[in-house]
Amino acid sequence: MTTACEACGLILEIDSDSEGYTLICPRCSNVIKGRSSMLYSLVFSLSAMILMPPAMLYPFLKIRINDYALTATLFESVAALNSEGYLPAGMAVFLTAFLIPLLYLFLVSYVSFEAVSGRNLPFSGSLAHFIHSLHRWHMVDVFLVGILVSVVKLVDMADVYFGAGFYLLSAICFFLIVSEMYFDSKVFWRYHDRP
Ligand SMILES: [Zn+2]
């Protein structure tokens with residue numbers, strides 16, 4: 001079986017002994033991912049998925065002004081935006097900070113699992129295509145930066161504390177980035193539909 005180095009285009013032969021491992025391109029030393037890389041992708045995407053529900057339910061910010069205390073979870077923020085008449089903004093936050101990342105992580109886990117296990121799963125080819133369309137739309141990191149900006153703006157007016165939700169979202173962001181680092185659809189296509 002052959003594959004091309006992503007960096008220099010060198011065509012490389014992968015034999016059955018080395019197909020499970022990450023290889024180094026002999027011309028440019030670029031890392032050519034293998035099934036072991038997809039295993040990391042699977043582990044990190046599953047970890048991020050497991051953290052999703054608690055991250056949504058625990059408050060990411062706690063604000064105290066005099067005797068008045070306020071906490072905010074992601075769902076409460078979406079509901080607050082909707083009730084203030086900012087329905088499109090509320091929907092954008094819900095989609096890009098929750099629904100799309102969750103769907104993206106599920107698809108990456110599914111496709112990575114096929115590459116790792118070597119068994120063909122239903123609809124995996126179409127779902128692997130769909131991952132490319134989705135990956136630009138998950139924006140947990142943007143949401144996290146938004147929280148930090150609001151903390152900087154509020155810090156002079158009130159006591160602001162990060163809640164468990166913030167740390168969970170940070171962990172999700174980290175796991176998602178690492179999962180993306182290891183995920184390579186070329187590894188999936190290399191083994192997909194192989195008898
Ligand atoms: Zn190369």
Practice task
Can you pull the one-decimal nm distance between simple spin-label points at His192 and Phe162, each 7 Å off the Cα toward Cβ?
Solution key: 3.7 nm
Exercise for the section: Take peptides 123-130, 148-155 and line them up by average Cβ neighbours within 10 Å, highest first, as a rough protection proxy. Expected result: 123-130, 148-155
Handout entry: Max mean-square fluctuation residue, GNM over the chain, Cα-Cα springs under 10 Å, options Leu144, Leu39, Leu12
Key = Leu12
Completion exercise
Tilt, helix 124-134 to longest principal axis of the chain (alpha-carbon atoms), in degrees rounded to tens, equals 50 degrees
Handout entry: Amide N of region 26-46 lying under 18 Å from the label point, which is placed 7 angstrom from the Cα of Ile11 along Cα→Cβ
Key = 26-28
Practice task
At a Cα cut-off below 27 Å, give the lysines reachable from Lys62, other chains included and same-chain residues fewer than 8 away excluded.
Solution key: Lys153
Problem - Backbone N under 20 Å from the Ala171 label point (7 Å along Cα→Cβ), restricted to region 139-161 - result: 139-145, 147-148, 161
Handout entry: Most positive-pole-ward Cα, Gly125, Val178, Ala55, against dipole of the chain from beta carbon charges
Key = Gly125
Exercise for the section: Apply the Karplus parameterisation 6.51 cos²θ - 1.76 cosθ + 1.60, with θ equal to phi minus 60°, to every residue of region 139-153 and state each ³J(HN,Hα) to the nearest whole Hz, in sequence, with x for glycine and proline. Expected result: 9, 4, 5, 5, 4, 5, 5, x, 5, 4, 5, 5, 5, 4, 6
Handout entry: Between region 116-164 and region 1-61, the Cα center-to-center distance that results, in Å
Key = 19 Å
Problem - Estimated vicinal HN-Hα couplings, Hz - region 103-115 in sequence order (Karplus 6.51, -1.76, 1.60; Gly, Pro = x) - result: 5, 4, 5, 4, 5, 5, 4, 4, 5, 5, 4, 4, 5
Exercise for the section: Calculate the spin-label point distance for Ile24 paired with Leu57, positioning each point 7 Å from the Cα along the beta-carbon direction, and give it in nanometres. Expected result: 4.6 nm
Completion exercise
Listed by chain and number, the residues whose amide H is under 5 Å from that of Ala72, excluding neighbours fewer than 5 places away on the same chain and using placed H, are Phe60, Leu61
Completion exercise
In the chain the cysteines whose Cβ sits 4.7 Å or more from every other Cys Cβ are Cys173
Practice task
Rounded to the nearest 0.05, what FRET efficiency do Ile50 and Val142 give with R0 = 22 Å and r taken as the Cβ-Cβ distance? Could you check?
Solution key: 0.50
Handout entry: 0 to 90° range, to nearest 10: angle between helix 74-83 axis and the chain longest Cα axis
Key = 60 degrees
Exercise for the section: Taking 7 Å along the Cα-to-C-beta vector as the label spot, tell me the His135-Glu76 distance in nanometres, rounded to one decimal. Expected result: 3.5 nm
Handout entry: Computed P(r) (all Cα pairs; region 1-109; 10 Å bins; percent)
Key = 12, 26, 22, 16, 15, 8, 2
Exercise for the section: Give the Debye-formula value of log10 I(q)/I(0) at each listed q (0.15, 0.17, 0.22 Å⁻¹), with one equal scatterer per alpha carbon of region 62-105, two decimals each. Expected result: -0.46, -0.55, -0.75
Problem - Under 18 Å from the Cα of Lys186 - lysines, other chains or at least 8 residues apart - result: Lys33
Practice task
Kindly provide the helix-only [θ] at 222 nm of the chain, computed as the sum of -39,500 (n - 2.57) over DSSP H runs of four or more divided by all residues, to the nearest 500 deg cm²/dmol?
Solution key: -18500 deg cm²/dmol
Problem - Cα Rg, Dmax (largest Cα-Cα span) when computed across region 83-195, Å - result: 17.9, 64
Practice task
With N denoting the number of residues in the chain, provide Rg(C-alpha) divided by 2.2 N^0.38 Å, to two decimal places.
Solution key: 1.27
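We did not get these values from a lab; they are worked out from the coordinates using the rules stated. Note that the structure is a prediction, hence the values are computed from the model and not measured. When we count neighbours, we look across all protein chains shown, and the Cβ atoms used for this are built from the backbone with ideal geometry, even at glycine.
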